[in-house]
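S.K.: What follows is a single structure, and I will ask about it in a moment.
The values are calculated or read from the model by the stated rules, or taken from the named source; none is laboratory data. Model, not experiment: these values are computed from the prediction. Methodologically, a virtual Cβ is constructed for each residue, glycine included, from the backbone with ideal geometry; neighbour enumeration extends over all protein chains shown. Side chains included, ligands, DNA and RNA excluded: accessible areas come from the protein's heavy atoms. Shrake-Rupley method; radii C 1.70, N 1.55, O 1.52, S 1.80 Å.
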Amino acid sequence: MALSLSRRLLAQTARRAVQARITPSIRAPAVAVRWQSTQPVTRDSMTGEFTSKPDIDASRLELVKNTSPKSPPSPQSLVFGHTFTDHMLAIEWTLADGWGVPKIMPYGPFSIQPSSTVLHYCQSVFEGLKAYRDENGKVTLFRPDMNMKRMVRSAQRVALPAFDGAELLKLIKKLVALDAHWIPQVPGYSLYIRPTLIGNMHALGVGPPNKALLFVICSPVGPYYKNGFKPVKLLATTNYVRAVPGGTGSYKLGANYAPCLIPQAEAMAQGYDQNLWLLGPEHHLTEVGTMNLFVALKRDDGSVELVTPPLEDVVLPGVTRDSVLALARDHAAGKLKLNLPSNLVVSERPITMKEVKAAADSGKLLEVFGSGTAAIVCPVKAIGYLGKDIAIPVGEQGMGPITKTVLDEIVKRQLGVVESDWSVTVMEK
């Protein structure tokens, strides 16, 4: 019976994958991901009961307010990811009934069975995004549609149910608005939002789950660099591989993170701050720890090239990465006038440690930085490679001019200083 159920679930998952036109690469995310519902949900005209499996529907929200709310701590005491707001969002899914009623409820523990598939086979995906509050009390999210698209894509990769990302976003806005007073009204502070989806079938055996749980929690956080920017040293890892072609490196899965802990600890034991993940015998650069990577080079013709490794199916499609590329490309095309080189060339292409070392030796390595939601950018001052350190210019401010401009421009759009459709309003005041 268990085998029969597993086969049925596998067949249904395969059909969903074909219908969603999932591809092994992210080169064409627009056709690979369904993040908004395309199938109408129907009800019986007499009884009102569903006659098709419902998707996530924000209009069905049930709200139970916390009757014992906490007082937000002082901003100075915050440690990233250790403090949580008064409420959380939870939505259950079953193969038989589709997505259930969304519920915003008091933050607290929930119960799962010891046989739950997430505990045994790590069927979990998650996202990380932030809400910001300006000096007038306006609360905004930064490019949340990209997080929804990526979460749906990740879910489909590990046979978890897809969902209407636009409806989930409506619910996240309601949750953030309810707990908006937890966002410190201090420059550099924000509300970190963690949507998570787990497989919750109560049975052993590798296969698509017949139950799942989506939940969202929120945590007030301070600036990544409380005492100013500190450039980091990287260890180019040749003993470990984060991701390979055809694998899951370009998906935001829980399973991708635990294997990084030992390489990270070994790098720190050698006096470095983080890993630089390499791939293949030619040592292609991929990511910095859990961040995307950018390298600025001076070319022979005098132009400046900003390089980031291509996504393919190895590199995670970061929201901040995409933002850096969009700003740099608009500047290079003359659509924006930013404090970047006038002869800037923006490239998504393979780059190896051999090329980085040669550029450093010839004085053509200008900057290296990581990008991600938590830090926005992270300047790099050295890369340890094959027993030697490659020095990278960072300047008196701890970061190069390209890194500084990218940081400033993204922050302006996050806080609404510069009008942008990247900034999505949650509440005005």
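S.K.: Which percent, to the nearest 5, of DSSP beta bridges fully inside the chain are antiparallel?
M.R.: 80 percent
S.K.: Could you give the radius of gyration (one decimal) and Dmax (whole number) of the Cα atoms in the chain, in Å?
M.R.: That works out to 22.6, 77 Å for Rg and Dmax.
S.K.: If we count every other residue with Cβ under 15 angstrom of residue 273's Cβ, Lys/Arg +1 and Asp/Glu -1, where does the sum land?
M.R.: In short, 0.
S.K.: Please go through segment 160-261 and write out the trypsin sites (Lys or Arg not before Pro) that DSSP classes as loop and that have at most 16 other C-beta atoms within 10 Å.
M.R.: Here the trypsin sites (Lys or Arg not before Pro) that fit, given the DSSP loop and packing criteria, are 226.
S.K.: Provide, as a two-decimal number, the C-alpha radius of gyration of segment 232-414 over 2.2 N^0.38 Å, N being how many residues it has.
M.R.: Compactness ratio reported: 0.98.
S.K.: So, one more: What size of dipole, in debye to the nearest 20, comes out for the chain about its Cα centre when the only charges are +1 on Lys and Arg C-beta atoms and -1 on Asp and Glu C-beta atoms?
M.R.: 420 debye
S.K.: Could you work out the Rg to Rh ratio of segment 152-210, with Rh taken as the Kirkwood radius (inverse of the mean 1/r over all Cα pairs)?
M.R.: A ratio of 1.13.
S.K.: Take the residue pairs 230/412; 298/354; 70/429; 252/412; 230/252; 65/211 and return only those whose Cα atoms are more than 24 Å apart.
M.R.: Table pairs above 24 Å Cα-Cα are 252/412; 230/252; 65/211.
S.K.: Continuing with this model, one more query. Ignoring any ligand, DNA or RNA, what whole percent of the accessible area of the chain comes from carbon and sulfur when the probe is 1.4 angstrom?
M.R.: Summing carbon and sulfur atoms, their accessible area is 55 percent of the total for the chain.
S.K.: Further question on the same structure: Between beta-carbons, use under 10 Å as the cut-off and find the net charge around residue 136, counting Lys and Arg +1, Asp and Glu -1.
M.R.: 0
S.K.: With a probe of 1.4 Å, find how much accessible area the chain has per residue, and write the answer as a whole number in Å².
M.R.: Per residue, the chain has an accessible area of 47 Å².
S.K.: Taking every DSSP beta bridge that has both residues in segment 52-221, what percent is antiparallel when rounded to the nearest 5?
M.R.: The antiparallel proportion sits near 95 percent.
S.K.: A further question on this structure: So for segment 52-221, what percent of the C-alpha to C-alpha distances run longer than 29 Å?
M.R.: In whole percent, the long-distance tail amounts to 21.
S.K.: Per residue of the chain, what 222 nm ellipticity follows from adding -39500 (n - 2.57) for every DSSP H run with n ≥ 4, rounded to the nearest 500?
M.R.: Theoretical 222 nm ellipticity from helices: -7500 deg cm²/dmol.
S.K.: Along the charge dipole of the chain, pointing to its positive end and built from +1/-1 on Cβ of Lys, Arg, Asp and Glu, which listed residue (105, 352, 338) has its Cα farthest out?
M.R.: 105
S.K.: Taking all pairs of different Cα atoms in segment 48-104, averaging 1/r and flipping that mean, what Kirkwood radius in angstroms comes out?
M.R.: 14.2 Å
S.K.: Continuing with this model, one more query. So which chymotrypsin sites (Phe, Trp or Tyr not before Pro) in segment 64-172 end up in coil per DSSP with only 10 or fewer other C-beta atoms within 10 Å?
M.R.: 110
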